[in-house]
Amino acid sequence: MSGAPVRTLLLWCPDWPVLAAEIVDGVPATDPVAVLHANRVVACSERARAEGVRRGLRRREAQGRCPQLTVVEYDPGRDARAFEPVVAAVEEVAAGVEVVRPGACALAARGPSRYLGGEEAAAERIVEHVAQSCAVESQVGVADGVFAAGLAARDGRIVPPGGTPEFLAALPVEALGRPALADLLRRLGVRTLGGFAALPAGDVLARFGFDGALVHRLAAGQDHRPLAVRQPPADLTVTADYDEPIDRVDAAAFAARTLAEQLHERLAAYGLACTRLGIEAVTAHGQELHRVWRHDGLLTAAAIADRVRWQLDGWLSGSTGRGGARPTRPTAGIIRLRLVPDGVLAQAGLQPGLWGETGEERERAHRALSRVQGILGPEAVVTAVLGGGRSPADQTRLVPWGDERLPARPGPPALSDEPATAGAAGTDRAAGRGGGGTPPWPGRLPPPAPAVVLPSPLAATVHDAAGEPVVVSARLAVSAAPARLTVGTARPAEIVGWAGPWPVDERWWAPAEARRRARFQVCLADGAALLLAVEAGQWLVEAIYD
C-alpha cells in the first residue's frame, strides 16, 4: 500500500565488527580475527576466511580450522562508536544519512547524484572521502530501496532505475537474512527471491505470518518502510545581545520574558519540551555566569520567564542568606543573555489538548461539556472506549462524558499487537475449551486497525478470474482466489492482494442469536484496502484501511 521505493545509496564497510575492534581495541584486522557472540562467529577477517573460518561456526571449530585465530567478543556499543566518524564523513559530502546498522548507512541518492554528476560519480566521491578521512575501505550500492541497495553494495553495483526486481530475482533466498525461513523455503522448492516473490501475497501471509509477508515484499523489490533520513540536531539555544548593559532588575525581567517566549516557540516548533534550563550571562567586563534550573514537569513560557527573572534578580541584587552573607554582585551590567535547553523530551505524551495547555483549561472544558449535557442530555457528549471483541465495530463503546470509562467486553482489544493466523478457528466454541492457554477473542483480526468502520456494512459481490462468484464453504474452503470486487452499483475493481479467511462462529448455543461469518482483507488495484465479511453467502464491506 506504500508508494514506489526511494532510490537509495547505501555505503557498506565489510567486516565492520573486525575493523571496529582494530579502531577501538587495537586488534590488527590484517591478522586472523573472529568476532564471537553466544559462542558463534558473527564476523571474521579476510585472513581468517582464507583459513576456513565462516560465520556461524562455533568457537572450538573455528579455532580448530585456524589455531592462530584471535577471538574478540561482540560489542555493539564499540561498533556504533567506531562507526560515527564514518557517518560524519559521509555527511560532509551528502546530507540526510540514516544509520542502518554499525557498518552500513543509507541516504536518498537523488540529491548527491544531481550535484556530483550522477550516481556513479557520487558513489566514487563518497568512497574516496571516507577512505581519506577515516582510513576505512567501503563499498557503495545504489538501487530502489534500502534492502536492494544493501545487497548491491556487496558487489559495489549500481542497479538501473526500475531494474531492482530483476536484480533481486536471481539471488538465493538466504539473502533475506532469515535462516529459518530460507531453510523452509528451500525444502518447499523455492530457492531464489524471484521464486519467492512470485507466490501470492495472501498465501504467504497465511503460511508464514506477518514477518513472512514483509520479506515477501522485500523480495519483490518493495521496501515495507520508507527511508527515514538522519537529520542533524537542531540548534535550540536562544541568545540576545544588548547594546546597553542591563543592571536593573526590572529591565532584566523584561528581557527574560522576551527571550523565554522565543525559546518556548523554538521548542514547540520541533515538538519538544524543556525540563532542565541552563541560564548563561556575560557582563560588560567579560565575567561569565551560569546556572541550571531543573523542573519536575514541563517548563512553559511563563515558567521559563520566571526562572530567568529569579536568576537575574539573584545575580544583579543578591539576597541575604543566613549570617548576612551575600553572593558577589557582578562588577558590570549584563550585555549577553543565553538560554540553553539542557534537558528536552518529546512532547507527544504531554501535548496540549484542544483548548491549549493542560491544567486549568481542562477544567474549563469539562465545565463546558457538562453544560452541554445539561441542555441536550447525557448522550449528547460521548467518548469512545476500546474493549474486547473480534470485529472493529464490536470493540468500541460510546460512554457519556463523565461516566466511568469501562469497556463493554472484557479482554484486550481485538486489534492487538499479537498476530492472528489466517484460517485459525476463531469461534466462541473454541474459546470455551482449552483452559487458560487459549488467547482471548480467538478469530480477531491482525493489526493494523482499519481507519474507518462503516456504521452500516455495504453490500458487495466478489468474483474470481473466470467471473464466477467466490463462495466460502462450511469448512472455510474458498472456491477460488478473489479477483474482482463490486460494491453496490459501482464499477468492478481489481483485487491485487487478499488475506483470510478469519472465521467467527458466535452464540452457536442460541439459534435465534447465532451468527457465523468469515472476514477477508483485500487490497485493490487503486491502492484502497478494505475489510470484507461473508455471511450466509452475502459479501459485505465492513471497514476501510488508511
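Prolate is the label for region 1-99, because a/c, from the alpha-carbon gyration tensor with a ≥ b ≥ c as root eigenvalues, is 1.5 or above and a/b exceeds b/c. Our estimate of slack between Asp247 and Leu454, defined as 0.36 nm per intervening residue step minus the Cα-Cα distance, is 67.9 nm. Per residue, the accessible area of region 7-153 comes to 46 Å², computed with a 1.4 Å probe over protein heavy atoms only. Length available on full extension from Thr237 to Glu513: 0.36 nm per residue minus the Cα-Cα distance, which gives 92.9 nm. The accessible surface of region 7-153, taken with every protein chain in place and a 1.4 Å probe, is 48 percent carbon and sulfur. Compute the Cα gyration tensor for region 163-220, then decide on rounded, prolate or oblate, letting a ≥ b ≥ c be the square roots of its eigenvalues: rounded whenever a/c is under 1.5, prolate when a/b is larger than b/c in the other cases, and oblate in all that remain. Oblate.
Note: region 452-544, Cα convex hull, 103 Å³ per residue.
Note that region 137-150 has calculated 3J(HN,Hα) couplings of 7, 8, 10, 10, x, 10, 7, 8, x, 5, 4, 5, 5, x Hz, one per residue in order, obtained from phi through the Karplus relation 6.51 cos²θ - 1.76 cosθ + 1.60 (θ = phi - 60°); glycine and proline are x. For Glu51 and Val496, a Förster radius of 45 Å and the Cβ-Cβ distance give a FRET efficiency of 0.35, rounded to the nearest 0.05. Scanning residues 5 or more positions from Ala483 or on other chains, those with amide H under 5 Å from its amide H are His463, Asp464, Ala465, with H placed 1.01 Å from N in the peptide plane. The antiparallel fraction among DSSP beta bridges confined to region 7-153 stands at about 85%. If you plug the beta carbon distance of Glu288 and Glu379 into 1/(1 + (r/R0)^6) with R0 = 56 Å, you get a FRET efficiency near 0.35.
Considering only the Cα atoms of region 167-278, their convex hull presents on average a projected area of 12.4 nm².
The values are calculated or read from the model by the stated rules, or taken from the named source; none is laboratory data. Computed from a predicted structure; not experimentally measured. Cβ atoms come from the backbone with ideal geometry, glycine included; neighbour counts cover every protein chain shown. These area figures cover heavy atoms from the full protein model, side chains too; ligands, DNA and RNA do not enter into them. Shrake-Rupley method; radii C 1.70, N 1.55, O 1.52, S 1.80 Å.
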